[in-house]
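The values are calculated or read from the model by the stated rules, or taken from the named source; none is laboratory data. A quick note: this is a predicted structure, and the numbers were derived from the prediction, not measured. Quick reminder, even Gly has a Cβ in these numbers, built from the backbone with ideal geometry, and neighbours come from all protein chains shown.
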Amino acid sequence: MHRLYLVPTLAINFVIILVPALLTIALAFFRWDGISAPVFNGLGNFQALAGDRVFWSALTNNLIWTAIFLVVPIAMGLLAATMLLIAPRGRTFFQVVYFLPVIIATAITARVWQGMIYSPVTGLFGLMQKSGLPVVNPLSLPTTALFGVATVDLWHWWGFLCVIFFAALRQVPQEQIEAARIEGATFWQMMRYVLLPGIRPTITLMMIMTVIWSFLVFDFVYILTQGGPAFSSEVLSTLAYRKAFYDLNVGQAAATALVISLFGLVATYFYIRVQSQEGEQ
Amino acid sequence: MKRRTFVQAGLGLVTMSLMGGTAFSQEKKPISWWYETAAPENQEFLRTLVVAPFNEAHPDEQLTIDFRGSELDKQLRVAMLSGSGPDVVYTAGPSYVASMAQAGQLLPLDEFAASLGWNERILPVFIELGKYNGKLYALPKTYETLGLFFNKTLFDANGWAAPKTIAELETLADAMKAKNIVPFGAGNADWRPANEHYVSLVLNSVAGPDNLYKALKGEIPWTSEPFVAAIDTLNKWWQNGYFGPNYFSLTGEQAFAQVATGQAGMAPTGTWNFTNVPRYFPQNNAEPGFVGFPSAEGVDYPIYALGIGSTFSIAATSKNPEGAAEVIDYVFSDKFYGDMNTVWQGEWNTPLKDLSKVQVGAEVLPLYTETMKGLADAVNANQYGYTTWTFLPPATDTYIVSGIEEIWLGKLTTADFLAKLDETFKQEQSEGKVPAIPERV
């Protein structure tokens, strides 16, 4: 009888996730413009993607993005969370400040950075240019566009990790921290031998989720550069969107989405493995 | 007792509202129209200049406009697939019409065109453009063209004249650069497809509309010499710095404003920017100018490349196609053209054949009305070119937007760009995705 409680969630998952997922998998093998009847295309969409240099550069950009987000916000979050743990004064204030960018709508954050910071006409960069500083809008150069977008997402994102890590750090037994202090452990020794091992499951989970989220990144890239200039900030999700809604090539868009899902699946596999290992422990 | 009274009152209210609804539905037949994103004041113009007068003039009909935001084309596609779309179908352009007509989602409009006099009232090229397999499926809401805006005050002060040839344009641009004025006020930070405005300009004014027509019909490849010359010219302008240092950082409106302030000298852009003229030129004490874009040697001057942003059709599943046709008919009236263009310029240039009877408000910039009349006359005389966003199929068009950036930034050669363009076009042509190309007389 108690299994009936599963029905609502199962029904929602079936309708909202399973059916569209199966349709996407099927469409990856069809040529379809989103309007007329789909035509079976075998592996044609995947072959076309394999021969498309933009697909490979988008995939590379996703890997660069993942590498950035596995290192920078996690390091920043850990450092700030440890500071909050060690220095209680102003803790609540700083938590709010760090977390504030997370709750601002993505579109607003992106437009603020685009118009009020990066813009050479209306932004901070424009003021710096007028003062003689040789700064250039990073979004306008192919070499820096991806990093310019990543900076905005980092600003928006790291506070979330900080709060999560801080919550985890507070669960580390106080006796261990006190013992380390009495033993004369330095800040870095405390991190290395007490705090980080104490919150390792949280860090692992966040890293796995970072991999999944990094392959789903869309909003900031789409709003700030739309993948440009010259595809330099194109990622797989913006490529899929462009193929589906601008090229009217839904089949190739679905194939691209499957590649995104593949990376998500690998990360999910590791997540489940870690979870089950923890369960066993 | 109280409870019974409450229940009775409730039942009474429900019955009354049901009766009211029945009576309402018997009297008025609903017509739905989904519109794209529009600023609040523009939504008000649509309510006061379309909905209210239409419903007043048609007591049996009830028109409603639903503002669906910037993702209208995606919403429409899903709704049309499921047969639950609006009566008046407002598509994003002719390339969408071909696919929808192919899928049987649209109603042929030929009978309405004959009975309501559209064939006589609307420029023939646009009637041809809305056809698929010989049947009329769509009419353009507005048409636009590309040309050269310039700061007349700045030109007069420097003794410059509006250029008519590419050589004159380049000499002028170099003179502007020497005075630290950006030759082209241009930017794509808010709308990357702005890139294709410049590609359209050189395809028409350097390669020429005749060659463009042949390529659109598949008679010559896109790798032909005239297109190589056109793309090379555009690339030369970019490398010479005519587009200024901030092309990827400026929005279209910011770039246009720089022409008014004199930071930039000219804006090679579309007639939709007439909306921005009263916003920026008067406050900078500058007078605007607009001419056709200069042509290369051997190409007529001026060539007005035709562009259509959106179109009107009627859904095949519409329960009130006659009402929907009346709405479209109202939009193509002289009165509506005059009223709407008085308050909202550049967005409602409906393709009427004869604008001499149209009454536009005195406060409207004469340059705008003259340009639109000149454009209508040029199109009526079959002197027009082709914009990429109207006449190219979707994937070819989006390739141009990103591909030209790759050329500008040295990632691609003109030959490779045109080879890929040709390959994409041929693929889409074989799938029947190229919009109708009216015969070139």
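How many residues, within region B:152-187, are over 17 Å from residue B:243 (Cβ atoms) and in a strand (DSSP E or B)?
Within region B:152-187, residues that are over 17 Å from residue B:243 (Cβ atoms) and in a strand (DSSP E or B) number 1.
Any residue at all in region B:173-184 that is within 14 Å of chain A (Cβ to nearest Cβ) and either crowded, with 21+ Cβ neighbours inside 10 Å or at pLDDT below 95 (or both)?
Yes, that holds for at least one residue.
Testing residue B:315 on (1) more than 25 Å from residue B:388 (Cβ to Cβ); (2) surrounded by fewer than 21 Cβ atoms within 10 Å (Cβ to Cβ), one condition comes back false. Which one is that?
Tallying (1) more than 25 Å from residue B:388 (Cβ to Cβ); (2) surrounded by fewer than 21 Cβ atoms within 10 Å (Cβ to Cβ), residue B:315 fails exactly one: (2).
Just give me the residues in region A:137-162 being outside any helix (DSSP H, G or I) and touching a residue at least 12 places away in the same chain (Cβ under 8 Å), in sequence order.
A:137, A:141, A:142, A:143
Residue under question is residue A:165, and the condition is that it be in a helix (DSSP H, G or I), farther than 30 Å from residue A:272 by Cα and among the aromatic types (Phe, Trp, Tyr); does it hold?
no
Of the residues B:370, B:405, B:326, which is surrounded by fewer than 17 Cβ atoms within 10 Å (Cβ to Cβ) and in a helix (DSSP H, G or I)?
B:370
In region A:168-196, what residues are in a helix (DSSP H, G or I) and either touching a Lys or Arg at 6+ places or on another chain (Cβ under 7 Å) or not aliphatic (A, V, I, L, M) (or both)?
Once the filter is applied, which keeps residues that are in a helix (DSSP H, G or I) and either touching a Lys or Arg at 6+ places or on another chain (Cβ under 7 Å) or not aliphatic (A, V, I, L, M) (or both), region A:168-196 yields A:174, A:175, A:176, A:178, A:181, A:187, A:188, A:189, A:192, A:193.
Kindly indicate which of A:251, A:227 is modelled with pLDDT of 90 or more, surrounded by 22 or more Cβ atoms within 10 Å (Cβ to Cβ) and in a loop (DSSP other than H, G, I, E, B).
Going through A:251, A:227 in turn, the sole match is A:227.
What do you reckon, is residue A:54 touching a Leu at 6+ places or on another chain (Cβ under 7 Å), at pLDDT 90 or above and among the aliphatic types (A, V, I, L, M)?
Working: touching a Leu at 6+ places or on another chain (Cβ under 7 Å): yes; at pLDDT 90 or above: yes; among the aliphatic types (A, V, I, L, M): yes.
Taking the combined requirement at face value, the residue satisfies it.
Look through region A:221-248, keep the residues that are of a type in the set (Phe, Trp, Tyr) and over 22 Å from residue A:50 (Cβ atoms), and return whichever of them is farthest from the other protein chains (Cβ to nearest Cβ). Write out each step before concluding.
Looking only at region A:221-248, we keep the residues that are of a type in the set (Phe, Trp, Tyr), and these are A:222, A:231, A:241, A:245-246.
Restricting the remaining residues to those that are over 22 Å from residue A:50 (Cβ atoms) gives A:222, A:245.
Details: A:222: 10, A:245: 6 Å.
So, considering only residues that are of a type in the set (Phe, Trp, Tyr) and over 22 Å from residue A:50 (Cβ atoms), the one farthest from the other protein chains (Cβ to nearest Cβ) is A:222.
Condition test on residue B:376, is it in a helix (DSSP H, G or I), of a type outside the set (Val, Ile, Thr), within 13 Å of chain A (Cβ to nearest Cβ) and under 22 Å from residue B:311 (Cα atoms)?
no
How many residues does region A:102-156 contain that are surrounded by fewer than 19 Cβ atoms within 10 Å (Cβ to Cβ), closer than 15 Å to residue A:228 by Cβ and more than 22 Å from the chain's Cα centre (by Cα)?
Residues meeting the conditions: 1.
What about residue A:92, is it more than 13 Å from chain B (Cβ to nearest Cβ), among the polar types (S, T, N, Q) and closer than 17 Å to residue A:148 by Cα?
When the stated conditions are applied, residue A:92 does not pass them.
Kindly indicate the residue of region B:113-133 that is among the small types (Gly, Ala, Ser) and assigned to a helix (DSSP H, G or I) and also farthest from residue B:95 (Cα to Cα) among those meeting that condition.
B:115
Which helices (runs of 4 or more DSSP H) sit wholly inside region B:52-111 and have at least 3 residues that are within 14 Å of chain A (Cβ to nearest Cβ), within 19 Å of the chain's Cα centre (by Cα) and surrounded by 16 or more Cβ atoms within 10 Å (Cβ to Cβ)?
B:72-81, B:94-102
Testing residue A:127 on (1) within 9 Å of chain B (Cβ to nearest Cβ); (2) more than 30 Å from residue A:78 (Cα to Cα); (3) assigned to a helix (DSSP H, G or I), one condition comes back false. Which one is that?
(1)
Across region B:234-276, what is the number of residues that are modelled with pLDDT under 95 and among the charged types (D, E, K, R)?
Matching residues across region B:234-276 total 1.
I need a count of the residues in region A:259-281 that are at pLDDT 90 or above and touching a Ser or Thr at 6+ places or on another chain (Cβ under 7 Å).
1
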